[in-house]
């Protein structure tokens, strides 16, 4: 199964550059606002979210924090044109960010981070599935033990 990569940025040129750079390697979705990004998340299987920090209406950190309860396994990457240490610490503490990168990004570096993030997402999903199967097997075993008594 292939998981999508969502890039949220209010600058259309950045969205177009991102899509052009990575569309051959990943299933790319883009959104020009946090609201649009949420709609993409609600209708697609997204493994990695990359968001710009400085956007009108809602910052990248606020967006990542807002989706955390609903999409806790999605891997989050924050991109910004500014190296703001407070934003970095906020991102790590509030949005549980996997990576923090400064624009302009380097395609090879970002591609590697996306590949690693997708692998982590896949492993998280697999782990949850296995934990669920183990739970079901334990319930069935408990049921069988009851029947034998």
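None of the figures in this text is laboratory data; all of them are computed from the coordinates on show. Quick caveat, the model's predicted, so the values are computed rather than measured. No Cβ is skipped: glycine too gets one built from the backbone with ideal geometry, and neighbour counts run over all protein chains shown.
Residues in segment 122-143, backbone N under 12 Å from the label point at residue 149 (7 Å along the Cα-to-beta-carbon vector): list them, ranges by number please. Answer for segment 122-143: 142-143. Quick check: the angle from helix 12-22's long axis to the longest principal axis of the chain, C-alpha only, nearest 10 degrees? Relative to the chain, helix 12-22 is tipped by roughly 60 degrees. Taking the C-alpha atoms only, the angle from helix 34-43 to the longest principal axis of the chain is near 30 degrees. Among 136, 53, 106, determine the one that fluctuates most according to a GNM of the chain built with springs between C-alpha atoms less than 10 Å apart. Its mean-square fluctuation being the largest, the pick is 136. Expressed to the nearest 5 percent, the antiparallel share of DSSP beta bridges inside the chain is 0 percent. Normalised by 2.2 N^0.38 Å, where N is the number of residues, the alpha-carbon radius of gyration of segment 4-148 equals 1.24.
Between the Cα long axis of helix 85-94 and the first principal axis of the chain there is an angle of about 20°, rounded to the nearest 10.
In the chain, Cα pairs under 8 Å separated by at least six residues give a relative contact order of 20 percent. Where the alpha-carbon atoms of segment 1-56 are placed on the principal axes, they occupy 34, 24, 14 Å, in descending order. Residue order for 122, 135, fewest other beta carbons within 10 angstrom first, comes to 135, 122.
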